[in-house]
Structures are given as C-alpha cells and as structure tokens.
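Single-structure report; data block below.
Only the coordinates and a few stated rules stand behind these numbers; no lab work does. Please read these numbers as outputs of a predicted model, since none were measured by experiment. FYI the Cβ positions are ideal-geometry reconstructions off the backbone, even for glycines, and counts take in every protein chain you see.
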Amino acid sequence: MANSKPTLGYWQLRGLAQPIRFLLTYLGVEVNEKRYSGFDQWQADKLNLGLAFPNVPYLIDGDLKLTESRAILRHFARDTAVYPKTADAIRTCDMLENVLWDIWFGLIRYCNSGLEPLKEYFENEIPKKIGYLNAFMENKKFILGNEISYVDFILYEILYHYTTYKAEYLDKYPALSQYKKSFEEIPAIAKYIASDDYIKGPCINPMAKIPI
Ligand SMILES: N[C@@H](CCC(=O)N[C@@H](CS)C(=O)NCC(=O)O)C(=O)O
C-alpha cells in the first residue's frame, strides 16, 4: 500500500516550518518531512510538484497541495483543540498572528540583509512591539489565557529565534521568558526537543549576513 502520510517540504533548518513541526508533534500527527539541504535540490522539485504557488514550506496530502506556512499551520489546527472556538478567541488569534509576523520578520529581514533601514527598524521599533507583547502575555499561560492555540506555536518559535540572535534578548521581558520556558516543558514538546528528529538550528538561511 502506498505511504499515506502527508509530506511536509522545507529546508533542513527551523524557519517558517518550525511552528508547523511543533504543532504536528503536539497533535500527534505524523508526516514525512522532505528537508532540502541545497538550492539545486529544491529547484529540481519546485515546478514539478503541482503547487499553484511553488514555495517552501509545502504540504502534499493526496490531492491536497498547499503552500504558505500559516495556511498549512491553520490546516492542521482546524477541527482540533488548538483552533479557537469563539468569535472573541478567533479575533485575538488573528490579531496576535499578525503582530507576531511583524516581530518575527523584523528580525529575519535584518539578519538576512544586515542593512541599515532594517537595522534601524529592528533596533527602534521592534523593542516597542515586544514590550506590548510582553505586557499582553503577563499573567497568561498561553495567548488565549489557559488554553493553547495554534498561534502559540508561532510565538514560541519567534522567542527561540530571538534568543538565538542574543541569548539574553528576553531578559527584559519576564512574561515572555517565562512563556518560553513553560512551552518547552509541555510533555509532547519536551519529548520532541530531546529527539533526534528535532532541529536545533540554524533558524534561518545559513548564508544570512547575520546567521542565527
Ligand atoms: N509567505 C511564504 C514565504 C515562504 C518563503 O519565503 N520561503 C523561503 C524560505 S523561508 C524559501 O526559501 N522559498 C523558496 C522559494 O522561494 O523558491 C510562507 O509564509 O510560507
């Protein structure tokens, strides 16, 4: 019988696939990962997979062919306990998802290019946004309070990226530091982090000006 596990394609690094990997682990969903280790390897596949918008990460599950990291994350989250149930919770998740993307890409773009306007944004604007995020997370276990949601898997990965950039980056943000530590203690996550399958790094393209 053909292998019926979905295929998740991405680079051999954490990047945009890592929240999906954490979510799959948490939900106990098994996939085959195709981890590309070189540009040529990906180029050979890129236009031959039947993807409408060829990119990584991608998900292929029978006839389902999906790209866009957040679409893939939501696909796996939908109809599970990590998908918000009320209109209020959906709105909060939507807002946080967008805020988090700005915070994540403030770091990624700066590290990829090392260029001045991005550095200025990273040094002046990002700390304000992280300050708001820290205040938002005070006295909360997860983004929605006590219940974990799919957006938490994005938040954790961003905090991991920032502490890889600078180990003490979160020292000024106690709610976020505590959040990162607590997330790592979730049994399924702790088990995954200790496994051979887990990628410790790199977080982004190793050719970046500021590799993390
Ligand atoms: N908006 C897309 C961005 C995907 C993206 O930028 N992928 C990068 C790695 S993070 C890549 O190397 N894409 C391969 C390509 O463009 O051929 C998403 O969120 O999935």
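For residue 85, all conditions in the list (1) charged (D, E, K, R); (2) assigned to a loop (DSSP other than H, G, I, E, B); (3) closer than 25 Å to residue 177 by Cα hold save one; what is the number of the exception?
(3)
With the structure loaded, tell me whether residue 154 is assigned to a loop (DSSP other than H, G, I, E, B) and either more than 19 Å from residue 57 (Cα to Cα) or of a type outside the set (Phe, Trp, Tyr) (or both) or whether it fails that test.
no
State yes or no: is residue 110 of a type in the set (Ser, Thr, Tyr), in a helix (DSSP H, G or I) and free of Cβ contacts under 8 Å to residues at least 60 places away in the same chain?
When the stated conditions are applied, residue 110 does not pass them.
Pairs under 6 Å by beta carbon, first residue farther than 10 Å from residue 20 by Cβ in segment 63-79, partner within 15 Å of the ligand (Cβ to nearest atom) and of a type in the set (Val, Ile, Thr), six or more apart or different chains?
66/72
Here is a list: 177, 195. Which entry is buried (at least 16 other Cβ atoms within 10 Å of the Cβ) and either more than 16 Å from the ligand (Cβ to nearest atom) or under 23 Å from residue 24 (Cα atoms) (or both)?
Testing whether each residue is buried (at least 16 other Cβ atoms within 10 Å of the Cβ) and either more than 16 Å from the ligand (Cβ to nearest atom) or under 23 Å from residue 24 (Cα atoms) (or both) leaves just 177.
Among the candidates 23, 13, which residue alone is under 14 Å from residue 202 (Cα atoms) and either more than 10 Å from the ligand (Cβ to nearest atom) or in a loop (DSSP other than H, G, I, E, B) (or both)?
13
Quick one: count up the residues across segment 165-212 that are part of a helix (DSSP H, G or I) and farther than 22 Å from residue 132 by Cα.
Result for segment 165-212: 8.
Kindly provide the set of residues from segment 56-68 that are on the phi < 0 side of the Ramachandran plot and either part of a loop (DSSP other than H, G, I, E, B) or within 8 Å of the ligand (Cβ to nearest atom) (or both), ordered by number.
Let us first name the residues in segment 56-68 that are on the phi < 0 side of the Ramachandran plot, namely 56-61, 63-67.
Scanning segment 56-68 gives 56, 57, 63, 67.
A quick yes/no check of all residues on (1) surrounded by 17 or more Cβ atoms within 10 Å (Cβ to Cβ); (2) within 16 Å of the ligand (Cβ to nearest atom); (3) within 15 Å of the chain's Cα centre (by Cα):
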residue	(1), (2), (3)
37	no, yes, no
54	no, yes, no
77	yes, yes, yes
102	no, yes, yes
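If residue 31 satisfies every condition in (1) in contact with an Asp or Glu (Cβ under 7 Å, 6 or more places away or on another chain); (2) away from the ligand (no atom under 13 Å from the Cβ) but one, which is the exception?
(1)
Just for segment 140-174: of the residues that are of a type in the set (Phe, Trp, Tyr) and under 17 Å from the mean Cα position of the chain (by Cα), which one is surrounded by the most Cβ atoms within 10 Å (Cβ to Cβ)?
If we filter segment 140-174 for residues that are of a type in the set (Phe, Trp, Tyr), which is where we start, we get 142, 150, 153, 156, 160, 162, 165, 169, 173.
Now narrow it down to the ones that are under 17 Å from the mean Cα position of the chain (by Cα): 142, 150, 153, 156, 160, 162, 165.
Working: 142: 17, 150: 26, 153: 24, 156: 20, 160: 20, 162: 23, 165: 18.
Among them, the one singled out is 150.
How many residues are of a type in the set (Ser, Thr, Tyr), over 13 Å from residue 76 (Cα atoms) and touching a helix residue (DSSP H, G or I) at 6+ places or on another chain (Cβ under 8 Å) if we restrict to segment 18-58?
Pass one, segment 18-58, residues of a type in the set (Ser, Thr, Tyr): 25-26, 36-37, 58.
Cutting the leftovers down to over 13 Å from residue 76 (Cα atoms) gives us 36-37.
Cutting the leftovers down to touching a helix residue (DSSP H, G or I) at 6+ places or on another chain (Cβ under 8 Å) gives us 36.
So the count comes out to 1.
List the number of the failed condition for residue 71; all other conditions in (1) more than 12 Å from the ligand (Cβ to nearest atom); (2) closer than 23 Å to residue 158 by Cα; (3) surrounded by fewer than 15 Cβ atoms within 10 Å (Cβ to Cβ) hold.
All conditions are met except number (1).
In segment 198-207, which residues are in contact with a helix residue (DSSP H, G or I) (Cβ under 6 Å, 6 or more places away or on another chain) and either loosely packed, with under 13 Cβ neighbours inside 10 Å or farther than 16 Å from residue 169 by Cβ (or both)?
198
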